[in-house]
Amino acid sequence: MTLDRRALLAAGLTLPLAGAAAAQAKTPWTRPAGIAPDASIPLWPEGHPTVPPGLAESIVQRSDDPQASDRVLQGITRPRLDIFRPAKPNGAAVILAPGGGYRYVVIDKEGYELARWLKDRGVTAYILFYRLPGDGWADRSNVPLADAQRAVRLVRSRASLDGIDPARVAFGGFSAGGHVATSLLTRFDAQVYAPVDAADTLSPRPDVLAAIYPVVSMDPAIAHAVSREKLLGPAPDAASEALHSPERQVRVDMPPLFLLHAEDDESVKVENSLRLHDAARKIGAPCEAHYFAEGGHGFGLMKTAGLPVAIWPELLWNWLAARKIV
């Protein structure tokens, strides 16, 4: 299904929103100067978890354009949350898990850029730099989920410090970060790590969850091959494949879900979102989904100029507002 302007208006979006989206589509997104977090906090207490021998972090710059930084963090040894604090917090918190095929974590286009956008609207944003399952960690396939659970708990434990409402915590993920997110969607209460402090007494279930062009299924027919191999290894058994395919783990008590995907995505097939959407619909779990004919993969905020998909941040914002998060 492709949503054009007429369909969006029929769905109840206002003319001012449509006009804003049209203006955004005509004008390429430009990077605000000096995007940087206001703070960075470790996800785990010092010394936990044990870092695999020889693992070292490094940042790789993938863009030659000074106005379009595209950095990735690889070899993550210190999983952490980078925090973007608004001048006047509105109480909402959004945790973002950028993509990277479980090989690295994107810093800018699916992390800092959207965090800045949210910060400017009063939202406290947290960028999650999660451990990568192919880097030698114990229990590799559950490592990203453990970090996601811990992130939600840690954000809730900081509610008074960061000026947020612990009952208005959203989680969002892009690409492989979308698999982190949808795993949290369906396995938020799975026992994938031993509690380490008081934060682990808090709920790891987000209040709402968004997945943007997400890796979801581990079915070889539609899976993102690199993400699948990094998460499960070269020869996973059927049980492991099923456990780590969120569309096969849906449950009625999972958080309300927002899905967005481009149908011409050649990296992560749109069937990933379609299957999860269908599975949620069949059990009556709340799910809003948007599919666009064009957009490809990894568009973030920067690569939507001239396309209907440029409206996606406003669609997400309206959904968060309807769910009383923002």
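Any read-out appearing in this document is the output of simple, stated calculations on the displayed coordinates, not a laboratory observation. Everything numeric in this text was worked out from a predicted model, so none of it was measured. Note that we place each Cβ from the backbone using ideal geometry, even for glycine, and neighbour counts take in every protein chain shown.
Descriptive notes on the structure:
- Relative contact order (%) - criterion: Cα under 8 Å, at least six apart; region: the chain: 18 percent
- Between T124, T304, T50, the GNM of the chain built on Cα springs shorter than 10 angstrom shows T50 fluctuating the most.
- If you run the Gaussian network model on the chain, springs between alpha carbon atoms under 10 Å, then out of A210, A198, A223 the most flexible one is A198.
- Cα-Cα over 30 Å, subset of K88/K109; K282/K324; K109/K269; K269/K303; K109/K282; K88/K282: K109/K282; K88/K282
- With each label modelled as a point 7 angstrom along the Cα→C-beta vector, the D139-E266 pair spans 4.0 nm.
- Listed residues P236, P214, P256, most fluctuating in the chain (Gaussian network, C-alpha, under 10 Å): P236
- Judged by the gyration tensor of its Cα atoms, with axes a ≥ b ≥ c, the chain is rounded; a/c sits under the 1.5 cut.
- By definition, a body whose alpha carbon gyration tensor gives a ≥ b ≥ c is oblate when a/c is 1.5 or more and a/b is not larger than b/c, and the range 42-130 fits this oblate description.
- Taking a Cβ cut-off of under 11 Å around N90, the surrounding Lys, Arg, Asp and Glu residues balance to a net charge of +3, with basic ones at +1 and acidic ones at -1.
- Counted by Cβ distance under 15 Å from G233, the other residues give a net charge of -1, where Lys and Arg count +1 and Asp and Glu count -1.
- Prolate/oblate/rounded label for the range 40-194 (Cα gyration tensor, a/c 1.5): oblate
- Cα-Cα pairs of the range 85-142 separated by more than 13 Å (percent): 61 percent
- Separation between Cα centres of the range 140-180 and the range 239-292, rounded to whole Å: 19 Å
- Here, the range 169-274 is characterised by an Rg to Rh ratio of 0.98, where Rg is the alpha-carbon radius of gyration and Rh the Kirkwood radius.
- Here is the size of the range 212-326 from its Cα atoms: Rg then Dmax, 15.0, 44 Å.
- The range 118-159: Rg to Rh, with Rh as the Kirkwood radius over Cα pairs: 1.11
- The range 172-213: relative contact order as a whole-number percent, Cα under 8 Å and 6+ apart: 63 percent
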